[in-house]
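Here the structure comes first, spelled out in structure tokens, and everything after it is commentary.
The values are calculated or read from the model by the stated rules, or taken from the named source; none is laboratory data. All of these numbers come straight from a predicted model, not from anything done at the bench. Here Cβ is always computed from backbone atoms with ideal geometry, including for glycine, and neighbour counts include all displayed protein chains. Ligands, DNA and RNA are stripped out before the accessible areas are found, and what is left, the full protein with its side chains, is counted by its heavy atoms. Shrake-Rupley method; radii C 1.70, N 1.55, O 1.52, S 1.80 Å.
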Amino acid sequence: MVNRHLDPHLNPWRGHALRIEARPTVARHCHGASERLGKRAMSRHIFVLTGAGVSAESGLGTFRDKAGEGIWAKFDPMKLATPQAFARDPQTVLAFYDARRRNLLAARPNPAHVALARLERELAAKGDRLTLVTQNIDDLHERAGSKEVVHMHGELLKARCQSCEAAHAWLNDLTVGDACPRCDRVGALRPDIVWFGEFPHHLHEIDRALRDADLFVAIGTSGAVYPAAGFVAEARAFGVPTCEINLEAADNALLFDDALYGPATEIVPAWVEETLRT
Ligand code: OAD
């Protein structure tokens with residue numbers, strides 16, 4: 001595990017794929033032992049944003065990586081993840097998400113998900129608080145035991161009716177012949193996912209939590225998709241210390257005060273352990 005205090009001149013890894021050995025570290029800004037927290041001397045509020053990297057070691061592919069092997073290097077998101085693509089060719093879009101749903105149902109949470117569930121539980125037991133916002137459409141945080149997960153990009157295991165707007169739990173393949181369980185309309189169901197060109201969910205709630213946080217930590221996200229990629233700048237504007245946990249430097253890495261680099265299954269449990277001790 002590598003700890004990098006933010007300094008553009010001390011960041012030789014930027015833009016390179018890393019192979020990093022796990023080793024103990026204390027990153028000054030990564031555990032909430034900040035001046036801001038000291039001054040408040042009240043309950044601690046940690047804000048965690050997760051992305052596809054947290055689920056990568058559960059076997060769910062990421063969208064982008066420096067090796068060019070992410071999902072969006074193999075498939076064109078404009079043909080699969082926009083409302084226009086769905087209107088033009090619903091069958092192709094549904095088949096893409098059917099495959100991802102089947103993949104998700106076969107996957108299991110990994111130690112990074114489990115550690116974040118522990119963080120939520122143990123902070124709550126001390127009267128502190130975790131806000132967990134995920135860009136992921138999988139349910140691995142919940143299956144690992146997290147109780148409050150803010151899904152800003154929607155959920156793969158739900159279908160939403162474009163006619164009556166009701167969302168339904170959906171574990172099977174979704175076809176154009178399916179009827180909405182509430183309004184009976186046939187052909188109006190779509191995956192309950194935020195596509196490119198649509199507004200993410202819960203932005204007001206996220207903004208409120210960012211303002212109130214004592215620490216902002218982004219885990220396994222490339223910093224390429226807004227508005228999530230802009231949360232670090234927002235946190236900084238509110239005076240919140242920021243930390244990146246990732247396999248390699250994200251596109252917005254220079255905005256973070258500190259970083260811990262390595263696989264999420266190693267770094268996140270170690271970070272949680274250290275954070276709960278702080
Ligand atoms: P990306 O695929 O863009 O980025 C994944 C990040 O995880 C990269 O920075 C990788 O270096 C890192 N990573 C990969 N394996 C890792 C591991 N084992 N441990 C730690 N980090 C690892 O995923 P997101 O940033 O989540 O939107 O993508 C944002 C959005 O773009 C997604 O929510 C999705 C996509 O289009 C929608 O589906 C609406």
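For this structure, a couple of remarks:
- For the options 246, 110, 172, a Gaussian network treatment of the chain with springs between C-alpha atoms closer than 10 Å singles out 172 as fluctuating the most.
- The relative contact order of the chain, computed from alpha carbon pairs under 8 Å that lie at least 6 residues apart in sequence, is 29 percent.
- Multiplying the residue separation of residue 103 and residue 162 by 0.36 nm and removing their Cα-Cα distance gives an extension gain of 18.7 nm.
- Rg/Rg_ref, the stretch 37-129, where Rg_ref = 2.2 N^0.38 Å and atoms are Cα: 1.51
- Dimensionless Rg over Rh [the stretch 125-278; C-alpha; Kirkwood]: 1.03
- The percentage of C-alpha pairs in the stretch 133-189 whose separation is greater than 14 Å is 57%.
- Lysine pairs meeting the criterion (Cα under 19 Å, 8 or more apart or interchain), as found in the chain: 4
- GNM top mover of 224, 259, 125 - the chain, alpha-carbon springs below 10 Å: 125
- Taking the charge dipole of the stretch 99-229 about its Cα centre, with +1 at Lys and Arg Cβ atoms and -1 at Asp and Glu Cβ atoms, the residue from 105, 119, 202 reaching farthest to the positive side is 105.
- The chain - percent of accessible surface contributed by carbon and sulfur, probe 1.4 Å: 54 percent
- Taking all pairs of distinct alpha-carbon atoms in the stretch 200-278, Kirkwood radius in angstrom: 13.0 Å
- The equivalent ellipsoid of the chain has semi-axes of 34, 21, 17 Å, largest first, where each one is the square root of 5 times an eigenvalue of the Cα gyration tensor.
- Within the chain, the selection of entire DSSP H helices by a Cα span of 15 Å or greater along the long axis and an average Kyte-Doolittle value of at least -1.0 returns 90-106, 111-125, 264-277.
- Probing with 1.4 Å while keeping every protein chain in the model, the per residue accessible area of the chain equals 46 Å².
- Think of the stretch 235-276 as having a plus end and a minus end, set by charges on the Cβ of Lys, Arg, Asp and Glu; of 263, 238, 276, 238 sits farthest toward the positive end of this dipole.
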